[in-house]
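Heads up: the structure comes next, in C-alpha cells.
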Amino acid sequence: MPIILTENSSRLETQEVQNIASSGGLQLKHSEVEDFRVLLGNFEDCVSKILSAEDYLPYPDLKKYPRTDIHIPNTTDGEKGGWATRCTIKCQEPIGSLLTGKTLAIKDNIAVAGVRCTNGVSSPEGDWVPAYDATVVTRVLDQGAIIMGKSTCENCCLEPGSDTSCIGEVQNPFADGYSCGGSSSGSGRLVSIGAVDMALGGDQGGSVRIPASLCGIVGLKPTWGLVPYSGILGLYPAIDHCGPMTRTVPDNALLLEALAGPDGMDSRQPAFLPPSCSNFSTTLDAFLATSPLDRPLDGFKIGVLKEGRDLAWMDPNVSSAVSSAVSGLRQLGATVVEVSVPIHTEASATFVASIPFAGVRHGLLDDTAGCKQLYTSDRAAGPSPRLSQTAFDGLGAGAKDAYMRFLYASTNHGAKIHAKCANLFLKYARAYDEALAGVDVLVMPTVPRPALRNVPQDSNMGVLERLSIWNGMLHNTAPFDTTGHPALSLPVGFVPAPEDPSVALPTAVQIVSKRFADVTCFKVAAAWERKFDWKAMRFGF
C-alpha cells in the first residue's frame, strides 16, 4: 500500500513489532522487523493526526431545530414501556408542509442530537448521546413534524419480542402482559394507542412489520435504498431499512414521501430514484379519488404465496383472517391466483446464517468498514475485536446467540459463509422478481401467530428457551430484507391469544411488490382499508 515517509517519522520498538506479528501467528525475519518498525511507526503518525482532527458530522443548527424537555420518562409518562426518552423538537423554519402538526416517535437506534440512544442495551461505557441528527430526523422536521421522543428499541435490534430492552418490557396495546413484537416495539405501541401520529422504525428481519402486525398498525419496510440510513445504528448495510409506522395507509404514504430520496452519504441508495418513487401520497390520493368505490382493484392481480401460508407453526385463526382479507381483495375487483416460490422456504434460514458474521461485526462490534456512508465514529469500536464479559452479559438472548454464532463461524468457516449467503440473496431476489412479473403483489401472513406473552426480565429462562418461543416468526418477513422488495403489513382482524381465548389480539397480511413499486403496496392496502373495518373482524372466537 502507498506510504508517506519523512525524516521525522516515528519508529516502533523492536519488541512491539514482534508482539504484533506474534498476535497474528507470524514470525518476522530480522530485516522485516526493522522495516516494519519504520512502516508501522509512520502509520501510527498518520492515524494520530486523523484521530486528533475534527470529525465531519452533520451537526444540526440548534436554533433552527431546538430541542426541549429532554428527560427519561417515569411510570406515568413512559406509556407502559413505549418511551425510552422524552423530548420535544420542532423546526422553526420548515421547508415543506407534508407533516405539519404530525407528532412522531423516533426509534431508539436512530441518532437525535443531544438525546441518548440506547439501541435497547445498557452499555458499560454509559449511554451514547450523539451530537448529530440522522437524515430521516432532519427530513421529518423540515416537513413540519413534531418529534415527541425516542421509542423503545429491543436489545441490539436482534429480538422479535418486546421484553429485552434495557428500558424494560413494552406492553401490547390490546393486552397487558403480551408482546408488541420487535425490535421497533415502542414505535408499534405508541402509534397504536395514539400517543403519536406516526413513528420511525428500523427493519433488518421484520422489525417494522412484526410490531405493526402485533400492534394493529400499518408498517412498511420500503424498497432497500429508498430511505437513507445515515445516522442510524444497523446490523449490516445489505439488510438495513428504515420505514414508516402509522395507523392508516395514507399516513404511511405521507411519511414515506417525507423520508425518501438519496442524501448523498449512503451508498445503499441509488443516485437517482425512478419516477414511481416520488409523490407517494399524491399518487395514492389520486388513485383513491378516481377508482370506483366498489371495485378499485379492477385490473390488479394478487398472488397468494403458497410457501408463505403452508407452515407447520401457522395459527389456524391467523390463516382464516388472511383468507378473509384475500377474499376482500377479490371482492374489490382484483384477480387472485396462487403463486409458488419454492426458495421462500429456505430464504429465512439463509438470512439466519448471514447474521452472525456480517451482522455481529457491523452491529455489535462496530466494525463498519467497507461502505461509503456516514459512520457513527463517536461510538465506533476500540482496539479489541471481541466483546468484554460485561458487554456480553448485557445482551439479550438473540444478541448473545448471534455473538456466539459469530465466534463459531469465525473459527470454523470464516467469511465464506457470508459470501455464500450474499450470493444466494441474489438468487432469491431473482425468484421473487420472476413471481412478481406475473402479478402486481404477493400476499401472505405477516407473521404466523398472534402476540405471545412477554417474559419477565427477571426470569431465569435460558437463551434456548427464550429463542424457541419465537420460532418461525421471521419466516415471511426476513426474506424481503435480503432481497430489498417493499413489504407492507396491514391489520386485518383480531384472533384469540393461544394461551387465553378470551384475549383478542391483532393479526395482519403482508403485501409485497416489485422493488421501487412501494406505491403499489399502498394502493392495494388502501383499497382494502377503505372498504373494511379491521377492528370489527374477529376470527376464532
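If the label point is 7 Å along Cα→Cβ of residue 330, which residues in region 474-502 have backbone nitrogen under 19 Å from it?
Under cut-off, by backbone N: 492-493.
In degrees from 0 to 90, rounded to the nearest 10, what is the angle of the helix 397-412 Cα long axis to the longest principal axis of the chain?
Long axis of 397-412 versus the principal axis of the chain: about 50 degrees.
So how far, in whole Å, is the C-alpha centre of region 11-49 from the one of region 145-191?
About 48 Å separates the Cα centre of region 11-49 from the one of region 145-191.
Taking R0 as 35 Å, what's the FRET efficiency between residue 392 and residue 416 from their Cβ-Cβ distance, rounded to 0.05?
Step by step, r from the Cβ atoms, then E = 0.85.
Rounded to the nearest 500, what is the chain's calculated 222 nm mean residue ellipticity when only DSSP H runs of at least 4 contribute -39500 (n - 2.57) each, over all residues? It would help to have the intermediate numbers written out before the result.
On the way: 15 runs with 175 residues, N = 541.
It comes out at -10000 deg cm²/dmol, rounded to the nearest 500.
Whose amide H sits under 5 Å from the amide H of residue 162, counting only residues 5 or more places off or on another chain, with H placed in the peptide plane?
Those lying under 5 Å, H to H, from residue 162 are 180, 181.
Just to be sure I understand the model, the point goes 7 Å from the Cα along the line to the Cβ. What's the resulting residue 123 to residue 33 distance in nm?
3.9 nm
Identify, among 302, 47, 411, the residue whose Cα sits farthest towards the positive end of the charge dipole of the chain, taking +1 on the Cβ of Lys and Arg and -1 on the Cβ of Asp and Glu, with the dipole about the Cα centre.
Of the listed residues, the answer is 302.
Distance between the C-alpha centers of region 249-298 and region 436-457? Whole Å please.
If we compute the Cα centre of each part, the gap is 23 Å.
Amide H neighbours of residue 441 under 5 Å, at least 5 residues apart or on other chains, H built in the peptide plane: list them.
The list, which skips near neighbours in sequence, is 301, 303.
Efficiency by 1/(1 + (r/R0)^6): what FRET value for residue 366 and residue 464, r their Cβ-Cβ distance, R0 = 25 Å, to the nearest 0.05?
E(calc), rounded to 0.05, equals 0.35.
Pick out, from 185, 333, 26, the residue whose Cα sits farthest towards the positive end of the charge dipole of the chain, with +1 on the Cβ of Lys and Arg and -1 on the Cβ of Asp and Glu.
Looking along the dipole axis, the top candidate is 333.
How high is the FRET efficiency from residue 287 to residue 9, r the C-beta distance, R0 56 Å, rounded to 0.05?
E(calc), rounded to 0.05, equals 0.30.
About the Cα centre, and with charges only on the beta carbon of Lys, Arg (+1) and Asp, Glu (-1), how big is the dipole of the chain? Nearest 20 debye, please.
1200 debye
Enumerate by residue number the chymotrypsin sites (Phe, Trp or Tyr not before Pro) in region 1-86 meeting two conditions: DSSP loop (anything except H, G, I, E, B), and at most 15 other Cβ atoms within 10 Å of the site's Cβ.
Hits after loop and neighbour filter: 56.
Quick check: the angle from helix 316-331's long axis to the longest principal axis of the chain, C-alpha only, nearest 10 degrees?
70 degrees
Kindly identify region 262-341 as rounded, prolate or oblate by the Cα gyration tensor criterion: order the square roots of the eigenvalues as a ≥ b ≥ c, call it rounded if a/c is under 1.5, otherwise compare a/b with b/c, prolate if a/b is larger, else oblate.
Because a/c hits 1.5 or more and a/b fails to exceed b/c, region 262-341 counts as oblate.
Along the Cα→Cβ direction, 7 angstrom out, place labels at residue 77 and residue 349. What is the inter-label distance in nm?
Reported label-point gap for residue 77 and residue 349 is 5.0 nm.
Would you list 323, 184 from fewest to most Cβ contacts within 10 Å?
Details: 323 16, 184 38.
Sorted ascending by nearby Cβ count, the order is 323, 184.
Quick one: helix 518-531 against the long Cα principal axis of the chain, what's the angle to the nearest 10°, folded into 0 to 90?
30 degrees
Rounded to whole Hz and in sequence order, give me ³J(HN,Hα) for region 282-287 from the Karplus expression 6.51 cos²θ - 1.76 cosθ + 1.60, θ = phi - 60°, writing x for Gly and Pro.
My calculation for region 282-287 gives 4, 4, 5, 4, 5, 4 Hz in order.
Show the residues, 5+ positions off or on another chain, whose built amide H is closer than 5 Å to the amide H of residue 151.
Those lying under 5 Å, H to H, from residue 151 are 84, 106, 107, 108.
Mind running the shape call on region 471-531? Use the C-alpha gyration tensor, a ≥ b ≥ c as the square roots of the eigenvalues: rounded below 1.5 for a/c, prolate if a/b tops b/c, oblate otherwise.
oblate
Bear in mind these aren't lab numbers, they're just calculated from the coordinates by the rules spelled out. All values derive from a computational prediction rather than experimental measurement. All Cβ positions, even for glycine, are placed from backbone atoms using ideal geometry, and neighbour counts span all protein chains on display.
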